[in-house]
């Protein structure tokens, strides 16, 4: 029976629901019910029915801690219908993705966020206010999709492409929908056993051949060790408040996800407290606030200009058991919120300790598989050169990117066809990056789009170059590179483009442009990542050296915007 799941996206008036996949389970739980908003945790209605409670960050005020008050309620779904659906079957029943998000932006610029990091380190950590603090910012956008369709479609994408999440979920209530793949249980209370699962430290997977050395460096990284120790100490304080006989620590363990590996501990103890009280005494996880907790909340209130909403709160599941209730409450991180008018918000935060690097905290970013073999190969080359390369598809790339470098990748198509959504979006992304003044590299189709924006004419080649190796001159140095292009820009070698003042490297006879470069900008027509580009890696390294002259100022983190889905 899949009656409930199939009805959620088909109903003209979708009822409130939560769909949940829990780690290691082979099924989806579909829960439909009625919404009740309450002000206090003690008011969560545990009257015999299963309840899902969306708990906002402002609830830390119940513990006497500071928080911007946005009036966000504890939103409770009192379950009246439920079903479980085998995972493989459920994925096929969920709406197909992608659901496109437009008007992408960020509420705090990279420069302002880096300044906040410096300020927190100097004024808060440097003056003894605490050991670690988590400061957030938000990426925003809009979508025309119906809220139920959007969150269920995004959940399908997460189930297909993410692994290792503690909970993957989609929630739909009047005026508020959410979807997430949270890696971390904050607290559970199952038949009297209370567990907490602090996670810290993030290792990004790259080229498996080079991961071993990078992974050993990650395990010995001072900042990563400091973060994990601090959150464990803080959660031990919470455990002592709910477990009279104390508890035990297990770990450290490694938690592997599809693109990341985290370090984690498991804390366990016994408690007879009402699960709502367990939740109240453990609000909220130091991994999303800081240490010590009270001061961390005060620092957040000083340095974050807006309320957090539900970010860093929990989605608490209360399940009836033998006259009482069990509790399972993951942290609300890696979660997107969809509100009125199709507004999408994705809050993200970084843990700041005394060894944090402001530019490095800004450079941490998303990795999404673009399903483009050439783009993936290019990412491997970048990682080999020490760049933490992460791939996003063109239709999901943020208009205002936070990375130290953005690489716009190759793809098929006519660069002159602005009616092509891919070409149109690449133009928008490249123009936005140029306007930001931050480093960018464009390859193949994206190079052609850049050339067009720089005022160079584009035309088809007399004979397409598909899989053809040529020896060309790239800014004074010969390089054997593979070409896969039908179109090309044309300009005299050594000239400057009519717009953008980019230097041209082109064939001296035909004027076919091989590469462009300027302040913080470079592009190349050939596929440096191809097996038939013996000089590709060296050429890429030379271009990067021109774009990233000072690793202390601009760490080598990069997002590749693929030109193919």
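Some points to look at:
- Selection status of residue 170, buried (at least 22 other Cβ atoms within 10 Å of the Cβ), under 15 Å from the mean Cα position of the chain (by Cα) and touching a residue at least 12 places away in the same chain (Cβ under 8 Å): no
- Condition met for residue 189 (touching a strand residue (DSSP E or B) at 6+ places or on another chain (Cβ under 7 Å), assigned by TED's automatic domain parsing to the domain that holds residue 345 and farther than 16 Å from residue 312 by Cα): yes
- Subset of the stretch 156-202 (residues that are in contact with a helix residue (DSSP H, G or I) (Cβ under 9 Å, 6 or more places away or on another chain), within 16 Å of residue 28 (Cα to Cα) and not in a strand (DSSP E or B)): 156, 159, 160, 165
Each row is one residue, and each column tells you yes or no for (1) more than 22 Å from residue 405 (Cβ to Cβ); (2) out of contact with any helix residue (DSSP H, G or I) (no Cβ under 9 Å at 6 or more places or on another chain); (3) without any contact (Cβ under 8 Å) to a residue 24 or more places away in the chain.
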position: 447; (1), (2), (3): no, yes, no
position: 494; (1), (2), (3): yes, yes, yes
position: 511; (1), (2), (3): yes, yes, yes
position: 532; (1), (2), (3): yes, yes, no
position: 544; (1), (2), (3): no, no, no
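- Residues in the stretch 207-215 include none that are part of a loop (DSSP other than H, G, I, E, B) and modelled with pLDDT of 90 or more.
- Unique match (being modelled with pLDDT of 90 or more, surrounded by fewer than 18 Cβ atoms within 10 Å (Cβ to Cβ) and more than 24 Å from the chain's Cα centre (by Cα)) among 75, 80: 80
- Candidate set from the stretch 121-144 (those that are under 21 Å from the mean Cα position of the chain (by Cα) and under 30 Å from residue 32 (Cα atoms)); member that is surrounded by the fewest Cβ atoms within 10 Å (Cβ to Cβ): 142
- Test: residue in the stretch 504-511 that is part of a strand (DSSP E or B) and under 22 Å from residue 534 (Cβ atoms): yes
- Residue tally, condition farther than 16 Å from residue 15 by Cβ and either modelled with pLDDT under 95 or surrounded by fewer than 21 Cβ atoms within 10 Å (Cβ to Cβ) (or both), over the stretch 47-57: 2
- Qualifying residue in the stretch 258-272 (condition: outside any strand (DSSP E or B), at pLDDT 85 or above, out of contact with any helix residue (DSSP H, G or I) (no Cβ under 8 Å at 6 or more places or on another chain) and under 20 Å from residue 328 (Cα atoms)): yes
- Residue count, the stretch 513-530 (criterion: closer than 20 Å to residue 467 by Cα and touching a helix residue (DSSP H, G or I) at 6+ places or on another chain (Cβ under 7 Å)): 8
- Some residue of the stretch 447-457 being surrounded by fewer than 19 Cβ atoms within 10 Å (Cβ to Cβ), over 32 Å from the mean Cα position of the chain (by Cα) and in the same structural domain as residue 524 (by TED's automatic domain parsing): yes
- None of 145, 150 is more than 30 Å from residue 281 (Cα to Cα) and either part of a loop (DSSP other than H, G, I, E, B) or modelled with pLDDT under 90 (or both) except 145.
The values are calculated or read from the model by the stated rules, or taken from the named source; none is laboratory data. No experiment lies behind these values; they were computed from the predicted model shown. Cβ atoms come from the backbone with ideal geometry, glycine included; neighbour counts cover every protein chain shown.
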